[in-house]
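Read through the structure below, which is laid out as structure tokens, and then see the notes.
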Amino acid sequence: ATWMLTTIGAGSAKGKTKPFNYADSYSGSKLRDQCLAQIEMLKADPTDENNVQFTSKYATSHATQRGVVLRRIIQIYWRSPSYNMVRLLVSVIVALLFGSVYASQRVPRSEGDMNSRVTSIFITFLFLSVNAMNTVLAVFEVERNMFYRHKAALMYTEKALLLGFTLAELPFIILASFAFCLGFYFLVGFSTLFYKMALYFLFFTLNLGCWTFLGQMMMSLFRDSVTAQGFGGLMISLTSLFSGLLIRPDNLKGTFWVFMYWLMPGHYVLEGLVASQFHEDDTTIEANPGSPFFEFNNCTINQEEKCTGTAEDWIFVSFGGAFQWENVPWNVLYLVGLLISARLITWFALTKFNYLAK
């Protein structure tokens, strides 16, 4: 206690008096000589009585580790309103901001209306993806560095930490997704069929979960949050570019970059949201003269009546037939696989890497 007070400048020593050096004093003391002599004696004459053994590597069972770590991380999340409340508020604000645009026109009538709705779907899930990844980095970095110390002391395993973070994150991911979907979905005027609402909520929840856990994965792979944010930003950029909206799938066929379309998660999220929402949607959409949708409906420039088709057909034509209802189960499977892969890579990085300076 005296050494600690002296080190922080709160000891009883005043002025410029040189503080007492406990390390040097112990190095030349009889106590040190006695300890070394006892150690040499035990090493020279090993017996079953002085052989120190433990039944396991850790002081407690794996079940106890998981339970204690989970309770600790849940308390940390509950006491971190700057992290959890902010992402909930961002979800609500984004939902109201983009959803209010369609409050006066909840039913699409033209190709422009359809394109506007698909673009809004794309922007909202991408915006909240960026928010999910960036906000989790600082939180996980603090706990990761603390884990390095706990790991050195053999307090608990990487699996206990990983399980704790996974279970602690899930309620907030679901709540953030629900808060967004509740505001955005009905303001835009999407379908009230239960299976369509459920699939929209499912894909949005999987999207937030993927980017949250990908953020933790990046933070476990790299030394600091700046580096992790850089690589995360690169992944966000690629997934936005190759999601199928900015560059349509039919324009990627036969090119070198087509593999990015199949690799990046944005494609599967956007296809799942769009294909499930407009499945069997017979809303009448007026085609623009000369557009692919116009030609798909076998219309001519000189015809008197308006050229129209359905919303489902517009999705089919707009994405070159790539976004289909039959692909929805595969989209779910890919996103679940990405979630599991992100957790496995995080576990591997926590096991093999240690960026603690001291």
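The values are calculated or read from the model by the stated rules, or taken from the named source; none is laboratory data. Because the structure is predicted, anything quoted here is derived from the model rather than measured. For neighbour counting, all protein chains shown are included, and Cβ atoms are generated from backbone atoms with ideal geometry for every residue, glycine included. Note: areas computed on protein heavy atoms with side chains; ligands, DNA, RNA excluded. Shrake-Rupley method; radii C 1.70, N 1.55, O 1.52, S 1.80 Å.
Worth a mention:
- For the stretch 62-352, a simple Cβ point-charge model (Lys and Arg +1, Asp and Glu -1, everything else neutral) yields a dipole of about 1860 debye relative to the Cα centre.
- Shown is the FRET efficiency for residue 341 and residue 104, computed with R0 = 51 Å from the Cβ-Cβ distance and rounded to the nearest 0.05: 0.75.
- For the stretch 164-220, the normalised intensity computed at q = 0.15, 0.25, 0.29 Å⁻¹ comes to -0.48, -0.97, -1.16 (log10 of I(q)/I(0), Debye sum over alpha carbons, equal scatterers, no solvent).
- Once both labels are positioned 7 Å from their Cα atoms along Cα-to-Cβ, the gap between residue 138 and residue 246 label points is 2.7 nm.
- For residue 86 and residue 302, a Förster radius of 51 Å and the Cβ-Cβ distance give a FRET efficiency of 0.35, rounded to the nearest 0.05.
- In the stretch 233-272, inverting the average of 1/r over every pair of distinct C-alpha atoms gives 9.8 Å as the Kirkwood radius.
- Portion, in percent, of the accessible area of the chain that falls on carbon or sulfur, probe 1.4 Å: 64 percent
- GNM on the chain, alpha-carbon springs under 10 angstrom: the most fluctuating residue among 113, 48, 250 is 48.
- Within the stretch 212-253: backbone nitrogen closer than 15 Å to the residue 262 label point (7 Å, Cα to C-beta): 249-250, 252-253
- Top of 204, 125, 186 by mean-square fluctuation, Gaussian network on the chain, Cα under 10 Å: 186
- A quarter of the convex hull surface defined by the alpha-carbon atoms of the chain gives 28.6 nm² as the mean projection.
- Summarising the label geometry, the points placed 7 Å from Cα in the beta-carbon direction at residue 52 and residue 68 lie 1.9 nm from one another.
- Packing here is the average count of other Cβ atoms within 10 Å per residue, and on that basis the peptides 89-96, 54-61, highest first, run 89-96, 54-61.
- Per residue, the solvent-accessible area of the chain (1.4 Å probe, heavy atoms of protein chains only, all protein chains present) comes to 56 Å².
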